[in-house]
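J.: Provided herewith is a single structure, encoded as structure tokens, for subsequent inquiry.
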Amino acid sequence: MVVALEPHGVADLEDEAELLRRFGYQIELLNGDQVRASITSKKFISGMWTLATKAAAGCG
């Protein structure tokens, strides 16, 4: 998981997610509540899971 600590980091995660999707990765962007459900910290305001690549998911 990659997380954002500041509001500008959310935009960075969104840009990175878009780039990774172009290369076939399955990405899930998470809001602060979703991140804190996995990592107990109020510092994280957003996050991103890399779920799989097309090849790993059998789609490539």
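J.: Can you tell me which of Val35, Val10, Val3 is of a type in the set (Val, Ile, Thr) and in contact with a Lys or Arg (Cβ under 9 Å, 6 or more places away or on another chain)?
T.: Val3
J.: Another question, if that's okay. Quick one: count up the residues across segment 19-60 that are loosely packed, with under 14 Cβ neighbours inside 10 Å, at pLDDT 90 or above and within 10 Å of the chain's Cα centre (by Cα).
T.: 2
J.: Go through segment 1-18 and report how many residues are exposed (fewer than 14 other Cβ atoms within 10 Å of the Cβ) and β-branched (Val, Ile, Thr).
T.: Matching residues across segment 1-18 total 0.
The values are calculated or read from the model by the stated rules, or taken from the named source; none is laboratory data. Note that the structure is predicted; figures quoted are calculated from it, not measured. Cβ atoms come from the backbone with ideal geometry, glycine included; neighbour counts cover every protein chain shown.
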